[in-house]
Structures are given as C-alpha cells and as structure tokens.
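Before any comments, here is the structure.
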C-alpha cells in the first residue's frame, strides 16, 4: 500500500499546475511508514545548483500505516517560471459590468421615507437644494427624496449615468366602472428619448392620461438639456423636476375632471 500511495503522489505532483513546465519532481520516501517524505523540485533552466532544486518535506502522518492521512504540499515559485511574475505581481480585481453600472445608480422609493414624522420631513426638506445647485451624488439622492416627500403620488425615482426614471400613480377606472389607479413609468434618456409605459394589465382599465401626450410634453420641456448626455448631477435633477411637474399636472387635471362629473 505504501508503494501505491507513492506512485499516486508522484503522478499528482508531475501533472500539478503548480510545477513549471521545465521543472522535474523527485520524490524520496523512507522505508518505514512514518516520517517525512522528501520532495525535490528541480528547475533545469537555472544555472546554479542552489537554484536548480528546492526541496520540501511533507509529514506523512503517524507511525501507524493505517493512520496515514492527506498531506499538504507547498512549492515556492521557481525563478524562470513564466507564472512566477504573475503570482508575485499586483493582483488585479476585475469589476463586472453590473458592478460598474451600479456605481452611479441612485434609487429612492416612497415607502422608505413616508413613515417619517412631520418634524423629520421638514428638517430634511430644509437641506434639499434646488436642481441647479445639485453637484454630488448625495445631493442628487436628497433631491429625489425631497420630490417624493412633496408628492404623495410619486412612488419611486431612479437615475443612472444617462437616464432618469420615475413611477407615478395616475387615476384610472377599472372596467370603466370602479375608480382605481395605475402606476405609470416615465423615463428620460440621453438624446431626449422619452418612454411612457403603463403596466401590462392596463387594458382592463380606462386610462385618462394618454402616453403620447406625456411624451410630447416632456420633450418640449427639455430644451435646457438638449442632446447632452445626462451625466451631470444638475441635468439629472432637472429631468426629475420636469417629469414630476408634468405628471403632477396631468394627475391633478384628471382628478378635477372626475370630481366635476360627480
């Protein structure tokens, strides 16, 4: 059994990726079952005797043959090994596309702040700056939360590097009988691209606000942004303000018309 283990061990070392291609591995075992095993890794490309070999000793376990267990082999990098520079060089952490995209994403939801008491709301709103003064990620996040606090129909605000997206609750009528509401998603992207979407089940509802009307009004309200990419915090804050104002006006107009019908 000792000889079989020796051959297996040699095979693992020879084909191990830890050993360079131009290195040889020599294994010496003691006659008895106990004691260390000597493993020699020789680098044939080296010039001196000291560089050509590096020897490691492995404790194969207790004196009893039946008590033999796994051994740990550690091999130092050998000079001349093509992988040597990589192992000792600087470790480079690759960032996934998803992590990179999330760096500049700001997200705020109404449910996170609607539970604040009046004092906390008022104290927070005093710290919120005007859109033209927003110069940092934190100020943009505070600006978005301020919009959420001022408008109870605003459900969420999210901004990326070149886009702004909001969710707004609009009045509707289920089966054109029961008063209800639908959450409309409005997005503004670079190049003055505007997308307005109702949820898929909106076909069951009578909608009082037409998506094309919102799109045309938003586009007409974006002259200051123009075709520039929404990379600046100020530009994204302006887009949030424009979207929220238009959606609020649409909502209030529909609400008033429904009240007049009654």
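The values are calculated or read from the model by the stated rules, or taken from the named source; none is laboratory data. As the structure is a computational prediction, the values presented were derived from the model and not from experiment. Every residue, glycine among them, receives a Cβ derived from its backbone with ideal geometry; neighbour counts consider all protein chains shown.
Would you be able to say whether some residue in the range 201-210 is in contact with a helix residue (DSSP H, G or I) (Cβ under 6 Å, 6 or more places away or on another chain) and modelled with pLDDT of 90 or more?
Within the range 201-210 (the criterion being in contact with a helix residue (DSSP H, G or I) (Cβ under 6 Å, 6 or more places away or on another chain) and modelled with pLDDT of 90 or more), the answer is yes, since at least one residue qualifies.
Got a sec? Which of 189, 180, 144 is in the same structural domain as residue 247 (by TED's automatic domain parsing) and crowded, with 20+ Cβ neighbours inside 10 Å?
After applying the criteria, what remains is 144.
I want to confirm something. Restricting to the range 233-262 and keeping residues that are touching a residue at least 24 places away in the same chain (Cβ under 8 Å) and farther than 30 Å from residue 161 by Cβ, which single residue is surrounded by the fewest Cβ atoms within 10 Å (Cβ to Cβ)?
257
Kindly list the number of the only condition in (1) at pLDDT 95 or above; (2) within 20 Å of residue 234 (Cβ to Cβ) that fails for residue 168.
For residue 168, the exception is condition (2).
Being modelled with pLDDT under 95 and buried (at least 16 other Cβ atoms within 10 Å of the Cβ) is true for just one of 136, 163, 132. Which residue is that?
Exactly one of 136, 163, 132 is modelled with pLDDT under 95 and buried (at least 16 other Cβ atoms within 10 Å of the Cβ), namely 163.
Regarding the range 140-153, can at least one residue be identified that is within 18 Å of residue 239 (Cα to Cα), touching a residue at least 60 places away in the same chain (Cβ under 8 Å), in a loop (DSSP other than H, G, I, E, B) and in contact with a helix residue (DSSP H, G or I) (Cβ under 8 Å, 6 or more places away or on another chain)?
yes
When the range 171-199 is examined, which residues are found to be farther than 17 Å from residue 155 by Cβ, without any contact (Cβ under 8 Å) to a residue 60 or more places away in the chain and not in a loop (DSSP other than H, G, I, E, B)?
Scanning the range 171-199 gives 173, 174, 178, 189, 193, 194.
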